[in-house]
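Student: A single structure is presented below for examination.
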């Protein structure tokens, strides 16, 4: 086996066929990092002139001319091949040290222990504890979940071999009903282009203020678009509702219920149905009034409800980011976006729909449990990745840790 630098072209060819690939380990991400002054290196291991291991290394200057090295979603190799992992890590350590690195971080795209929809460990399922144990033996230290750069827990739905009808049938009743309601409302899911990304960013900004997270700048969404859109590997969507047509549907629905109410006799056994119909009519009247008030307030018939960003790199569709305008949450348009992309995934041969990040240890009902509940409604399973690890390269590691601790 021989450790060596490789070209971006070699790495890309290897990445495209590797089962652990994801958008974060794509070479395009290095272009995004360059905007923040990260350098990029590609290294690998060859055996009989064949590439059997590779990773993309990003390096950023931190203190006193020393560099932090990070391999997003690396390594790309058989992590159960202890001999190969040991060789690659030891050679990588020497390589990073030569490049004035003091730390190396890595967060493999590998499941730790297989879990079910409720986050419980599946007995006899996938278990990569040995991979984690070997990383510890090599000197890696586990990064606490709150400090990890990427998500550590996800929720996914298998698409391979399934039909739209089957997936719809397997959803939770509330999720299925919400999708049907959004379709009935006439909500549209529209893909937007580069020149409209400010609309998406505005939605994310409003959501971030409401939920207390840090929103990315418009330039990030624009760069991601430029890097991945030509290959159809990224899509941004906006949901909209034509309130004028929505009100027309409501009035039509109201008339049907009113006609049915008027057709019922005064017999005692009709009292229950009459009461239900009256309540439904009152509910429709409120929605009509609310919608007319919105049109008057906004000065337009068409309102924007929500937005979502998806990565589409086979084998998975990844639901990466989303936001909603709080005043329009009642329309539940995010359910429709997910359904449209699930159908897209089935039609275009994707193996799974990845709803992406959820809180860790979900079966303990942590904060933001509602995020998981929304995703759980589509039916799927919880995924716990092995996490992020850091490898001290030089004595500067402990010094810089102390500096950061004192600053904090």
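Student: Mind checking which residues of segment 124-140 are within 26 Å of the chain's Cα centre (by Cα) and touching a residue at least 24 places away in the same chain (Cβ under 8 Å)? Step through it out loud before you land on a result.
Tutor: Step one: of segment 124-140, the residues within 26 Å of the chain's Cα centre (by Cα) are 125-129, 131-132.
Correct list: 128, 131, 132.
Student: Kindly indicate whether any position in segment 266-281 is farther than 30 Å from residue 385 by Cα and either in contact (Cβ under 8 Å) with a residue 60 or more places away in the chain or in contact with a strand residue (DSSP E or B) (Cβ under 9 Å, 6 or more places away or on another chain) (or both). Before you say what the answer is, go through the steps one by one.
Tutor: Step one: filter segment 266-281 for residues farther than 30 Å from residue 385 by Cα, giving 266-281.
Narrowing the set further to residues that are either in contact (Cβ under 8 Å) with a residue 60 or more places away in the chain or in contact with a strand residue (DSSP E or B) (Cβ under 9 Å, 6 or more places away or on another chain) (or both) leaves none.
Looking for residues that are farther than 30 Å from residue 385 by Cα and either in contact (Cβ under 8 Å) with a residue 60 or more places away in the chain or in contact with a strand residue (DSSP E or B) (Cβ under 9 Å, 6 or more places away or on another chain) (or both), one finds none in segment 266-281, hence no.
Student: In addition: Only one of (1) assigned by TED's automatic domain parsing to the domain that holds residue 175; (2) in contact with a helix residue (DSSP H, G or I) (Cβ under 9 Å, 6 or more places away or on another chain) fails for residue 329. Which number is that?
Tutor: Among (1) assigned by TED's automatic domain parsing to the domain that holds residue 175; (2) in contact with a helix residue (DSSP H, G or I) (Cβ under 9 Å, 6 or more places away or on another chain), residue 329 violates only (2).
Student: Report, by residue number, each residue of segment 223-234 that is touching a residue at least 60 places away in the same chain (Cβ under 8 Å) and either more than 25 Å from residue 187 (Cβ to Cβ) or assigned to a helix (DSSP H, G or I) (or both). Before you say what the answer is, go through the steps one by one.
Tutor: If we filter segment 223-234 for residues that are touching a residue at least 60 places away in the same chain (Cβ under 8 Å), which is where we start, we get 223-224, 227-228, 232-234.
Residues satisfying the conditions are 223, 224, 227, 228, 233.
Student: Being at pLDDT 95 or above, under 30 Å from residue 28 (Cβ atoms), assigned to a helix (DSSP H, G or I) and assigned by TED's automatic domain parsing to the domain that holds residue 228 narrows it down to one of 341, 320, 312, so name that one. Outline the logic, then answer.
Tutor: On the way: 320 fails: assigned to a helix (DSSP H, G or I); 312 fails: assigned to a helix (DSSP H, G or I).
The match here is 341.
Student: Given the criteria in contact with a strand residue (DSSP E or B) (Cβ under 8 Å, 6 or more places away or on another chain), in the same structural domain as residue 395 (by TED's automatic domain parsing) and surrounded by 22 or more Cβ atoms within 10 Å (Cβ to Cβ), does residue 26 qualify? Before the answer, list the steps.
Tutor: Details: in contact with a strand residue (DSSP E or B) (Cβ under 8 Å, 6 or more places away or on another chain): yes; in the same structural domain as residue 395 (by TED's automatic domain parsing): yes; surrounded by 22 or more Cβ atoms within 10 Å (Cβ to Cβ): yes.
Against the criterion (in contact with a strand residue (DSSP E or B) (Cβ under 8 Å, 6 or more places away or on another chain), in the same structural domain as residue 395 (by TED's automatic domain parsing) and surrounded by 22 or more Cβ atoms within 10 Å (Cβ to Cβ)), residue 26 qualifies.
Student: Ok, one more. Output the residues belonging to segment 1-37 that are in a helix (DSSP H, G or I) and closer than 29 Å to residue 65 by Cβ. If you could, list the steps in order and put the result at the bottom.
Tutor: Our first condition is that a residue be in a helix (DSSP H, G or I); within segment 1-37, this holds for 8-17, 23-25, 27-34.
8, 11, 24, 25, 27, 28, 29, 30, 31, 32, 33, 34 - these are the residues of segment 1-37 that are in a helix (DSSP H, G or I) and closer than 29 Å to residue 65 by Cβ.
Student: Among what's in segment 1-23 and is within 24 Å of the chain's Cα centre (by Cα) and loosely packed, with under 12 Cβ neighbours inside 10 Å, pick the residue that is nearest to residue 56 (Cα to Cα).
Tutor: Top of the filtered list is 16.
Student: Let me ask something else about it. I need the full set of residues from segment 158-174 which are outside any helix (DSSP H, G or I) and free of Cβ contacts under 8 Å to residues at least 24 places away in the same chain, in order please.
Tutor: Narrowing segment 158-174 to residues outside any helix (DSSP H, G or I): 158-163, 171-172.
Across segment 158-174, the qualifying residue is only 161.
Student: Shifting gears a bit: Given (1) in a loop (DSSP other than H, G, I, E, B); (2) over 30 Å from residue 291 (Cβ atoms); (3) assigned by TED's automatic domain parsing to the domain that holds residue 337, where does residue 220 come up short, assuming only one miss?
Tutor: The number of the failed condition is (1).
Student: Let me ask something else. Taking segment 392-408 as the search range and keeping residues that are touching a strand residue (DSSP E or B) at 6+ places or on another chain (Cβ under 6 Å) and assigned to a loop (DSSP other than H, G, I, E, B), which one is surrounded by the fewest Cβ atoms within 10 Å (Cβ to Cβ)?
Tutor: Among those that are touching a strand residue (DSSP E or B) at 6+ places or on another chain (Cβ under 6 Å) and assigned to a loop (DSSP other than H, G, I, E, B), it is 394.
Student: Go through segment 63-78 and give me each residue that's farther than 14 Å from residue 389 by Cα and either in contact with a helix residue (DSSP H, G or I) (Cβ under 7 Å, 6 or more places away or on another chain) or in contact (Cβ under 8 Å) with a residue 60 or more places away in the chain (or both). It would help to see each step written out before you state the result.
Tutor: First, the residues of segment 63-78 that are farther than 14 Å from residue 389 by Cα: 63-67, 76-78.
Listed by number, the residues that qualify are 63, 64, 66, 76, 77, 78.
Here is a yes/no grid of residues against (1) farther than 28 Å from residue 339 by Cα; (2) surrounded by 16 or more Cβ atoms within 10 Å (Cβ to Cβ):
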{"residue": "67", "(1), (2)": "yes, yes"}
{"residue": "71", "(1), (2)": "yes, yes"}
{"residue": "81", "(1), (2)": "yes, no"}
{"residue": "85", "(1), (2)": "yes, yes"}
{"residue": "109", "(1), (2)": "no, yes"}
{"residue": "128", "(1), (2)": "yes, yes"}
{"residue": "131", "(1), (2)": "yes, yes"}
{"residue": "137", "(1), (2)": "yes, no"}
{"residue": "155", "(1), (2)": "no, yes"}
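Student: Can you pull out the residues in segment 235-275 that are farther than 15 Å from residue 301 by Cα and not in a helix (DSSP H, G or I)?
Tutor: Those that are farther than 15 Å from residue 301 by Cα and not in a helix (DSSP H, G or I): 235, 236, 237, 238, 264, 265, 266, 267.
Student: Just to be sure, is residue 62 buried (at least 16 other Cβ atoms within 10 Å of the Cβ), assigned by TED's automatic domain parsing to the domain that holds residue 34 and at pLDDT below 95? I'd like the intermediate steps shown before the answer.
Tutor: Values: buried (at least 16 other Cβ atoms within 10 Å of the Cβ): yes; assigned by TED's automatic domain parsing to the domain that holds residue 34: yes; at pLDDT below 95: yes.
For residue 62, the condition - buried (at least 16 other Cβ atoms within 10 Å of the Cβ), assigned by TED's automatic domain parsing to the domain that holds residue 34 and at pLDDT below 95 - is met.
Student: Yes or no: segment 194-211 includes at least one residue that is part of a loop (DSSP other than H, G, I, E, B) and surrounded by fewer than 15 Cβ atoms within 10 Å (Cβ to Cβ).
Tutor: Step one: list which residues in segment 194-211 are part of a loop (DSSP other than H, G, I, E, B), which gives none.
No, because not a single residue in segment 194-211 is part of a loop (DSSP other than H, G, I, E, B) and surrounded by fewer than 15 Cβ atoms within 10 Å (Cβ to Cβ).
Student: Look through segment 218-243, keep the residues that are over 18 Å from the mean Cα position of the chain (by Cα) and surrounded by fewer than 15 Cβ atoms within 10 Å (Cβ to Cβ), and return whichever of them is nearest to residue 345 (Cα to Cα).
Tutor: Filtering first and then ranking leaves 231.
Student: Oh, and also: Which numbered condition in (1) assigned to a loop (DSSP other than H, G, I, E, B); (2) crowded, with 20+ Cβ neighbours inside 10 Å; (3) at pLDDT 95 or above is the only one that residue 119 fails?
Tutor: Condition not satisfied by residue 119: (3).
Student: So, one more: Does segment 346-387 hold any residues that are part of a helix (DSSP H, G or I) and either free of Cβ contacts under 8 Å to residues at least 40 places away in the same chain or more than 15 Å from the chain's Cα centre (by Cα) (or both), and which are they?
Tutor: To start, the set of residues in segment 346-387 that are part of a helix (DSSP H, G or I) comprises 346-347, 362-364, 369-376.
Those that are part of a helix (DSSP H, G or I) and either free of Cβ contacts under 8 Å to residues at least 40 places away in the same chain or more than 15 Å from the chain's Cα centre (by Cα) (or both): 346, 347, 362, 363, 364, 369, 370, 371, 373.
The values are calculated or read from the model by the stated rules, or taken from the named source; none is laboratory data. Fair warning: this is a prediction, and the values are worked out from it, not measured in the lab. Because the Cβ atoms are built from the backbone with ideal geometry, glycine has one as well, and the counts that use them run over all protein chains shown.
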